[in-house]
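Here the structure is laid out as structure tokens; the discussion comes afterwards.
Just so you know, all these numbers are worked out from the coordinates, no wet-lab data involved. These figures come from a predicted structure and were not determined experimentally. Note that we place each Cβ from the backbone using ideal geometry, even for glycine, and neighbour counts take in every protein chain shown.
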Amino acid sequence: MYLQMTQDGKVSGSDVQTPYSLLQLQSVQPGHIAVKGQRSSLFLCTDSGGSLRGQIHFSEDDCTFQELLLADGYTRFLSSHHRLPVSLASRRSPDQHAIPFTRFLPLKDTLPLEAASEEPPKPEMNFNLDSDDPLGMGQNSMLSPHFSVDK
């Protein structure tokens, strides 16, 4: 899933890359970053309950994240102030077994230039929870950008 932040400040996941999923990571201090949506021009922020939102003005307490690089090539972001992970899973979900989307891969922009002016498709959540691979990630279907760097 792609994390996206629309111009109204809504943060969600999308099955496909959209103009609202193009995010810029900016260093705030060593090991800590701010995330800004290129299309929305909003900063990714969180509150004490872990709810994500986009906002115009940068707030050090709500919009700074510690970047943790994991051994498998993924990245985890923790709120520097609230100590909660950036997650696409709903914190209000009554399902205790909800899939926690808390690990991210930095990916290249693959959108055609004309897509920048289009509205993003509505996010679809199609998970086969009865499968051994509920996210459809299967072996060799996704590679870490770290292992596929252009040389």
Worksheet item: For Thr6, Thr110, what ranking results if the residue with the fewest other Cβ atoms within 10 Å of its Cβ goes first?
Response: Thr110, Thr6
Worksheet item: What nm value, rounded to one decimal, do you get for the distance between Gln24 and Ser41 when each label is placed 7 Å out toward the C-beta?
Response: 1.1 nm
Worksheet entry | Shape category assigned to segment 1-68 from the gyration tensor of Cα positions, a/c cut at 1.5 | prolate
